[in-house]
Amino acid sequence: MRSHDAGRPGAPPAAPSPAELFRRIFALLTDMEGAQRAKVIDLARRLIPTLTAEDIRNPHDFPGLDDPDWHFEDGQLAGIEAVRFALRGLASDVLGDGEGREARERHENDGQPGASREGGGAQGE
């Protein structure tokens, strides 16, 4: 379909720009990461109620966290984080550093550029 057809009723919507596509992907990953981080912290606190998010960064210090279900959920979180980090590199390659950084930060920082919410493992709450 030609580009002038996109505005007609019934025509498919125009494809999002690469920057918009990356913005959507980072928004989805941010939501997935937050949900998984909450799941990891909740499960850890069921095992050891007094744990803090900081404690969970060092699970080897807490033998009670030697639980296969907790390790599975923490591994899922690590996988989501790995995908986000890989996509950051891809966004920089595709969009260039400035535009790629803007697409990532817009959602990761609730629209406040420069305020990073990064974290590894089950660090944040």
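Taken as a whole, the structure places D69 among residues that are at pLDDT 90 or above and loosely packed, with under 14 Cβ neighbours inside 10 Å. Among the residues of the range 89-112, at least one is at pLDDT below 95, at positive phi and open to solvent by 60 Å² or more (accessible area, probe 1.4 Å). Looking across the range 40-89, the residues that are in contact (Cβ under 8 Å) with a residue 24 or more places away in the chain and out of contact with any helix residue (DSSP H, G or I) (no Cβ under 7 Å at 6 or more places or on another chain) come down to E54, R57, A78.
Taken together, G64, G7, G79 contain a single residue that is in a helix (DSSP H, G or I), open to solvent by less than 100 Å² (accessible area, probe 1.4 Å) and at pLDDT below 95, which is G64. Taking R24, is it open to solvent by 80 Å² or more (accessible area, probe 1.4 Å), within 29 Å of G96 (Cα to Cα) and among the basic types (K, R)? Here the answer is yes, as R24 does meet what is asked. The sole residue among E33, E54 that is in a helix (DSSP H, G or I) and at pLDDT below 95 is E54. Selection of the range 43-61 for residues being over 27 Å from L29 (Cβ atoms) and open to solvent by less than 40 Å² (accessible area, probe 1.4 Å) yields only I48.
The values are calculated or read from the model by the stated rules, or taken from the named source; none is laboratory data. Here the structure is a predicted model, which means the values were calculated and not measured. Methodologically, a virtual Cβ is constructed for each residue, glycine included, from the backbone with ideal geometry; neighbour enumeration extends over all protein chains shown. Note: areas computed on protein heavy atoms with side chains; ligands, DNA, RNA excluded. Shrake-Rupley method; radii C 1.70, N 1.55, O 1.52, S 1.80 Å.
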